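One structure is given below, encoded as structure tokens.
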Amino acid sequence: MTGLAQFAAQLLAGEIEVVDLTSPLHAGTPILQLPPQWGQTQPFQLEEISRYDDRGPAWYWNNIRTGEHTGTHLDAPNHWVTGKDAEDVAQIPPGRLIGPAVVIDKVREATADPDYLLDVEDLEEWQAQHGELPAAGWLLFRTGWSSRGDDPASFANADENGAHTPGVTPAAAAYLAKTGLLGFGVETVGTDAGQAFGFSPAFPCHEAVLGAGKYGLTQLRNLDRLPVTGAVVIAAPLPIVNGSGSPARVLALVAR
Ligand code: MN
């Protein structure tokens, strides 16, 4: 049996499980809200064209309206000014949409402190235990934040000073940018912390990671079902020409 035939047989036998890391897309899917002086992304909307009725007797279909950065989505390098001459979302080579994934678990820390920031020493400690971050792979930041994903207010966790959600320090962002990773994936609305507008630089993960030609993945779920190492992730954004990102179906393959 060839490797691929064996893979297909293992999928069928349940020896390889497919774990869906995607949040459902609907009008209530949490979206990022920026301060009012800036342009705003739109929530996901379905607009019915026909539903087995006089507009189309045998068929049901919808138009959709959505921001590129709505729900579980991929940030392309050109989303940030530091990556403006790099790939748009349609230009990402398909081979870079599949890769190994490892998980850093900071649920305890992010539960105790919603503003928790992953730092360089966390990345070094993780690697001392589990080996180097995977070349052409994903680092997934598990915080437990997806448990708030059906409640936009709790997901944003905002007060008069803005959102309070976990992220990375500027030093950790710069560190990630120098690795061979494909990118960085999170459970929150974006790859930067809720307070990252006030960091120096602002939004350091976007600045460093996208600026290095890497990708972001957001609003992931079910990271608790992944092993620390050994999963393979398929992150499939739509090939929106000139797009800065796209909602994506993100699947993990896990050996059982
Ligand atoms: Mn985004």
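The values are calculated or read from the model by the stated rules, or taken from the named source; none is laboratory data. What you see is a predicted model, and the numbers here were worked out from it, not measured in a lab. In this analysis, Cβ positions are derived from the backbone assuming ideal geometry, glycine residues included, and neighbour counts consider all displayed protein chains. In case anyone asks, the SASA skips ligands and DNA or RNA and just uses the protein heavy atoms, side chains included. Shrake-Rupley method; radii C 1.70, N 1.55, O 1.52, S 1.80 Å.
Which net charge results for the neighbourhood of Ser147, defined as the other residues with beta-carbon distances under 10 angstrom from its beta-carbon, given Lys and Arg at +1 and Asp and Glu at -1?
Values: positive: Arg148, Arg221; negative: Asp150, Asp151, Glu187, Asp224.
Local charge sum for Ser147: -2.
Could you let me know the centre-to-centre spacing of segment 178-256 and segment 64-83, using Cα atoms, in angstrom?
11 Å
Under the rule a/c < 1.5 gives rounded, and otherwise a/b versus b/c splits prolate from oblate, where does segment 98-256 land using the Cα gyration tensor?
Numbers: a/c = 1.24, a/b = 1.20, b/c = 1.03.
Judged from the Cα gyration tensor, segment 98-256 comes out rounded (a/c under 1.5).
Which of the GluC sites (Glu not before Pro) across segment 138-227 are loop residues per DSSP, with 12 or fewer other Cβ within 10 Å? Please list the in-between numbers first.
Values: sites: Glu160, Glu187, Glu207; in loops: Glu160, Glu187.
In loop regions of segment 138-227 (DSSP not H, G, I, E or B), the sparsely surrounded GluC sites (Glu not before Pro) are Glu160.
Of all accessible surface on the chain at a 1.4 Å probe, what whole percent is carbon and sulfur? Please list the in-between numbers first.
Numbers: 7090 of 12670 Å².
Solvent-exposed carbon and sulfur of the chain make up 56 percent of the total.
Per residue, how many Å² of accessible area does segment 105-147 show with a 1.4 Å probe? Display every interim value, and only then the final one.
Working: 2220 Å² over 43 residues.
For segment 105-147, the per-residue accessible area is 52 Å².
Pull up the cross-link candidates among the lysines for Lys106, meaning alpha carbon to alpha carbon under 30 Å and not fewer than 8 places away within one chain.
In chain and number order, the partners are Lys178, Lys214.
Run lengths n ≥ 4 of DSSP H only: what is the helix-derived mean residue ellipticity at 222 nm for the chain, with -39500 (n - 2.57) per run over all residues, to the nearest 500? Before the final figure, lay out each step's value.
Working: 5 runs with 41 residues, N = 256.
Here the helix-only value at 222 nm equals -4500 deg cm²/dmol.
Probe of 1.4 angstrom, ligands and nucleic acids ignored: what's the accessible area per residue over segment 164-235, in square angstrom? Provide the component values of the computation, followed by the final result.
Working: 2090 Å² over 72 residues.
I get 29 Å² per residue for this part.
What are the membrane-span-like helices in the chain by this rule: whole DSSP H runs, Cα extent along the axis at least 20 Å, mean Kyte-Doolittle hydropathy at least 1.6?
Working: long enough: none.
Answer set is empty.
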